[in-house]
Amino acid sequence: MSTVSEQPSAIRSYYEGLSEGVFRAITCKVCGGYTFPPTGCCETCGSWDVIPVELSGDATLLLASHNISPACHPRFEKIAPYVYGHIRLKEGPIVQAIILGVDPTPQALKALFECGPVPLKAETLQMDDLPVLAYRIVS
Amino acid sequence: MTGKLRERIAISGVGCSRFGDLLETPELKGTSIQELTARAVKEALDDAGLTGQDVDAVFAGNAMVHSSQVPGTYSQLSKWTGTQFKAGVHFEAQCSTTNVGAALAAMAVAAGVYDTVLVYGLETTRTKVKDFSPYEREPVSHQQTWLWTDMAVNQAYGVPQGYDIFSTYNGLVALGYCRKYGMSIEDFDRSMFELCKTRRLHGSMNPKANIQEKLEDRAKREGFSDPFDYWRSDEHNPFVAWPSRLLSLVTTADGASAMVITRADLAKGGKSPPVELKGFGISYSDLPWYGEDPTYWEFDRRAIDTAFEMAGIKPADIDYLHTHDCSHISGICTAEATGYLEPGEGLNAARDGRLRFDGDRPMSTHGGRHAFGHAWGASAGTDTYEAVLQMRGQAGPRQIKKQPEISVIHTHGYAMIGTVVVLGSI
Ligand SMILES: [Zn+2]
């Protein structure tokens, strides 16, 4: 049995958080900017002086498109075609992610486009091998 | 940072293979990747009036090593290109590879280290090595192509969480464009049809293009009297990322390209006049590629500004433009960012035929990523190849009437390396 302890990993921590419904990011002590999903430094100013934070999960859907089946990645074969959205988080960052609560059809996407930005709430979509960040339209 | 070249730099030779499929395309079927590359290199060296032993260094580009299986490209290809004992490096900047190579070569020459550098790029996105055969190849599946290609995209969070090139590069940009400029989805669709017609018209005039059939001829062959009905057919042209359709996208290809970069005062004795490499700009970022406004890409802005500053040009100086058009709508957004097209007017320009070789804003006259086809690490070199042909008056039936004096070539290296090269007549 190995006695070597595992080093901290922002990626592993992010996915472990996701499986518990926690959305981990970092903020910068120098410029105040968010980096989401988290790395080890600030994506805006390059500072290494960052602290972990949890995001609210509140967001706004700006635009939504869809994709094709079979999916580009085998992980998503079961759910393709799916809706993929351009999102502004309450905390500020822009994110793109899978959108739940609307059908991946031209008709449904057109109706959504015409009604303009709508509120979203983050949730975890459990795929076979990995928890995945998704956002559900708040009705 | 001075952002300047200390010497005048020239492209003295260019070469480019036919683009297509090594298993089925005429002029390519049965060709090995070594011979494919050698063909492009020979054309470029012949064009410059040189042999492989006349260059000082070789920058060999190949992005998707999974299908080509020639890492150590400079040495493995050296006996096929006559370049052994030269300095060499294998590098990649994905779909900007060959033009980033031109920039690296320009820096090496301007620094006084080398006089002449051969840059080439090779890629096979349709076929891969079969088992362990030294010459047999087999098709790559659609999903395999994207799995390998997407390895150049955020592997920590983007790809594992459902990132999809079709939505991110096409559908969401299209919707952002429509919302920003108040364009209806129906108008957008019609404009994409006209833009595809232009790309395919250019492909039909280019014997090296992957697709050489006009959109109208394809529609007729499929039994449609109105090509727009063919365009709107879900069977033939489905939405791949609403509101973007299949025929607004890249087509994959196997191919190779090459160019010779040298000091301007040495660029004599070739078959054709040299062209000056006046400036370049490179800026990269990871996902997301754009902020709240999907039509504005910060790394492209920076690459354009840097290249124009180095070259000393203004938007009004551009006579010919290529922008990376894996996605037709993102290519239009970049063209607007260069100032060649007015913001919000790019699609109207496409509808009015202004982007054709005989229009007043000619673009991508080789056929672009859709009709000429896309072989990732080789493609930027084909964009430069076309610009050089146009500037020399060698583009045949698709020649722009007034030979361009200033050309701008923009490429997106997945994902994303915004790269801009400015060429000028000498
Ligand atoms: Zn910061």
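Out of segment B:186-217, which residues are among the basic types (K, R), part of a helix (DSSP H, G or I) and open to solvent by 70 Å² or more (accessible area, probe 1.4 Å)?
Filtering segment B:186-217 down to residues among the basic types (K, R) leaves B:190, B:197, B:199-200, B:208, B:214.
Next, from what is left, pick out any that are part of a helix (DSSP H, G or I): B:190, B:197, B:199-200.
Across segment B:186-217, the qualifying residue is only B:R190.
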Hey, can you tell me all the residues within segment A:124-137 that are within 9 Å of chain B (Cβ to nearest Cβ) and either touching an Asp or Glu at 6+ places or on another chain (Cβ under 8 Å) or open to solvent by less than 10 Å² (accessible area, probe 1.4 Å) (or both)? A:V132, A:L133, A:A134
Please verify whether B:R39 is touching a strand residue (DSSP E or B) at 6+ places or on another chain (Cβ under 6 Å) and open to solvent by 60 Å² or more (accessible area, probe 1.4 Å), treating the condition exactly as stated. no
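Looking at segment A:1-103, what strands (runs of 3 or more DSSP E) fall wholly within it and have at least 2 residues that are within 11 Å of chain B (Cβ to nearest Cβ) and without any contact (Cβ under 8 Å) to a residue 40 or more places away in the chain? If you could, list the steps in order and put the result at the bottom.
On the way: elements: A:24-28, A:50-54, A:58-66, A:83-89, A:94-100.
The qualifying strands (runs of 3 or more DSSP E) are A:83-89, A:94-100.
Determine if segment A:49-61 includes at least one residue that is in contact with a Cys (Cβ under 8 Å, 6 or more places away or on another chain) and modelled with pLDDT of 95 or more.
Step one: of segment A:49-61, the residues in contact with a Cys (Cβ under 8 Å, 6 or more places away or on another chain) are A:49-50.
When the remaining residues are screened for being modelled with pLDDT of 95 or more, the result is A:49-50.
Within segment A:49-61 (the criterion being in contact with a Cys (Cβ under 8 Å, 6 or more places away or on another chain) and modelled with pLDDT of 95 or more), the answer is yes, since at least one residue qualifies.
Anything in segment B:4-20 that is part of a loop (DSSP other than H, G, I, E, B) and more than 19 Å from the chain's Cα centre (by Cα)? List them, or say none. Can you show your working first?
Going through segment B:4-20, the residues part of a loop (DSSP other than H, G, I, E, B) turn out to be B:4-8, B:17-19.
The answer is B:K4, B:L5, B:R6, B:E7, B:R8.
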Within segment A:125-138, is there a residue that is in a helix (DSSP H, G or I) and farther than 26 Å from B:H142 by Cβ? no
Matching residues, segment A:31-48, being within 14 Å of B:P288 (Cα to Cα), among the β-branched types (V, I, T) and surrounded by 15 or more Cβ atoms within 10 Å (Cβ to Cβ): A:T35
Return yes or no: is B:K4 surrounded by fewer than 18 Cβ atoms within 10 Å (Cβ to Cβ) and at pLDDT 95 or above? yes
Enumeration of residues in segment B:134-183 that are modelled with pLDDT of 95 or more, within 11 Å of chain A (Cβ to nearest Cβ) and not in a helix (DSSP H, G or I): B:V153, B:N154, B:Q155, B:A156, B:Y157, B:G158, B:G162, B:Y163
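Of the residues A:K110, A:K121, which is more than 8 Å from chain B (Cβ to nearest Cβ) and at pLDDT 95 or above? Working first, answer last.
Working: A:K110 fails: more than 8 Å from chain B (Cβ to nearest Cβ).
Only one candidate passes the filter, namely A:K121.
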Against the condition open to solvent by 30 Å² or more (accessible area, probe 1.4 Å), among the hydrophobic types (A, V, I, L, M, F, W, C) and away from the ligand (no atom under 16 Å from the Cβ), how does A:I51 come out, does it pass? no
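Of the residues that sit in segment B:404-426 and are in a loop (DSSP other than H, G, I, E, B) and under 18 Å from B:A311 (Cβ atoms), which one is least open to solvent (accessible area, probe 1.4 Å)?
Applying the first criterion (in a loop (DSSP other than H, G, I, E, B)) to segment B:404-426 yields B:404-405, B:414-416, B:426.
Next, only the ones that are under 18 Å from B:A311 (Cβ atoms) stay: B:404-405, B:426.
Numbers: B:P404: 1, B:E405: 105, B:I426: 111 Å².
Looking at residues that are in a loop (DSSP other than H, G, I, E, B) and under 18 Å from B:A311 (Cβ atoms), I get B:P404.
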Please state which one of A:G85, A:G57, A:G46, A:G17 is more than 16 Å from the ligand (Cβ to nearest atom) and at positive phi. A:G57
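The values are calculated or read from the model by the stated rules, or taken from the named source; none is laboratory data. No experiment lies behind these values; they were computed from the predicted model shown. Note that each Cβ is placed from the backbone with ideal geometry, even for glycine, and that neighbours are counted across all protein chains shown. Heads up: the accessible areas ignore ligands, DNA and RNA and are worked out on the full protein's heavy atoms, side chains in. Shrake-Rupley method; radii C 1.70, N 1.55, O 1.52, S 1.80 Å.
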